[in-house]
Amino acid sequence: MQEIVPDLWDVDEIESGVGVHVYLWRWAKGVTIIDTGTPGNAEKILAGVAQLGLQPSDVARIIVTHGDADHTGSLKALKRATGAPVICHTVEKEFLEHPDRRKPAKTPLGLLMRPLFAVATLFPQFRVEPLAPDRTHVDGDKLPEGFTIIHTPGHTPGHISLLHPERRILIAGDAIHNRGGKLGAPLPLFTPDMENAHRSIWKLAKKYGEEIDTIVCGHGEPIFSGGGAKLQGLVDTIFEAEAKA
Ligand SMILES: [Zn+2]
């Protein structure tokens, strides 16, 4: 397990072929788990909780950035083990309750992939057990952990990122990724509304950029400083490319 900045931990990379990150946030009421990796990783995540000297009953909350299988795969097992309340965006509730409703982009490749999406759910490593969240939130809601919920739709309709203004940390989920040390927009194939995904990045940069130093994403390496400027750099790239198109 890696401590990114004080109180924010990255559980060792979840092996799933996609390398997704699960984060632990230690605070006054215990620990909050942010995203849960692919199915079968609950024990690994709870081992991370134990490394902090905490018990499963110390898990105060489980926050889900969005309903994708690599983020909700171990959600039900963690819920069972900890009893902690699960929260997501109000719009994303549907996809936690009906994981089969997630669709790839409506591009030719995405349409080709649709049957594959359906077949993938037959394999245990991609099969997500449906779960009704205990509570849902909307843009601007503040959590006792110190995070503000930022609605960043596009990759999925109810995708959220979490901003900790005092600590200047953004937990971005899949609103952006930092694979290979390069900040980028979410993968088009798995992003049904790319235009909205771009607007969400613009929103993060313009509205909150000055409040962000550290950025961690669902995929890729952490950014330890200057996150706001890096976001603005990505926005410039996206909108220059759009202007030329
Ligand atoms: Zn993901």
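The values are calculated or read from the model by the stated rules, or taken from the named source; none is laboratory data. Bear in mind the structure is a predicted one, so any value in this text is a computation, not a measurement. Neighbour counts are summed over all protein chains in view; Cβ atoms, including those assigned to glycine, are modelled from backbone coordinates with ideal geometry. All accessible areas refer to the heavy atoms of the entire protein, side chains included, with ligands and DNA or RNA removed. Shrake-Rupley method; radii C 1.70, N 1.55, O 1.52, S 1.80 Å.
I'd like the full set of residues that are within 16 Å of the ligand (Cβ to nearest atom), open to solvent by 10 Å² or more (accessible area, probe 1.4 Å) and either small (Gly, Ala, Ser) or free of Cβ contacts under 8 Å to residues at least 60 places away in the same chain (or both), limited to segment 157-177.
HIS177
For segment 187-245, which positions are open to solvent by 80 Å² or more (accessible area, probe 1.4 Å), hydrophobic (A, V, I, L, M, F, W, C) and closer than 28 Å to PRO6 by Cβ?
PHE224, the sole residue that qualifies.
So PRO192 passes all but one of these: (1) within 16 Å of the ligand (Cβ to nearest atom); (2) touching a helix residue (DSSP H, G or I) at 6+ places or on another chain (Cβ under 7 Å). Which condition number does it fail?
(2)
Inspect segment 170-183 for any residue being in a helix (DSSP H, G or I), more than 17 Å from the chain's Cα centre (by Cα) and farther than 20 Å from TRP9 by Cβ and give the result as yes or no.
yes
Do the conditions hold for GLU166, that is, is it among the charged types (D, E, K, R) and part of a helix (DSSP H, G or I)?
No.
Does segment 11-57 hold any residues that are modelled with pLDDT of 95 or more, part of a strand (DSSP E or B) and open to solvent by less than 40 Å² (accessible area, probe 1.4 Å), and which are they?
TYR23, LEU24, TRP25, GLY30, VAL31, THR32, ILE33, ILE34
Do you know which of the residues in segment 58-76 that are within 11 Å of the ligand (Cβ to nearest atom) and under 19 Å from ILE176 (Cα atoms) is surrounded by the fewest Cβ atoms within 10 Å (Cβ to Cβ)?
Step by step, filter segment 58-76, then rank; the result is ALA69.
Go through segment 78-100 residue by residue and tally those that are farther than 20 Å from HIS177 by Cβ and either open to solvent by less than 40 Å² (accessible area, probe 1.4 Å) or of a type in the set (S, T, N, Q) (or both). Spell out how you get there, then give the answer.
Taking segment 78-100 and keeping what is farther than 20 Å from HIS177 by Cβ, we get 78-87, 90-91, 93-94, 96-100.
Those still in the list that are either open to solvent by less than 40 Å² (accessible area, probe 1.4 Å) or of a type in the set (S, T, N, Q) (or both) too: 78, 82, 84, 86-87, 90, 96, 99.
Residues flagged as farther than 20 Å from HIS177 by Cβ and either open to solvent by less than 40 Å² (accessible area, probe 1.4 Å) or of a type in the set (S, T, N, Q) (or both) within segment 78-100 amount to 8.
Tell me whether segment 46-67 contains one or more residues that are of a type in the set (S, T, N, Q) and within 21 Å of the chain's Cα centre (by Cα).
Yes, because at least one residue in segment 46-67 is of a type in the set (S, T, N, Q) and within 21 Å of the chain's Cα centre (by Cα).
How many residues does segment 111-142 contain that are at pLDDT below 95 and part of a loop (DSSP other than H, G, I, E, B)?
Count: 7.
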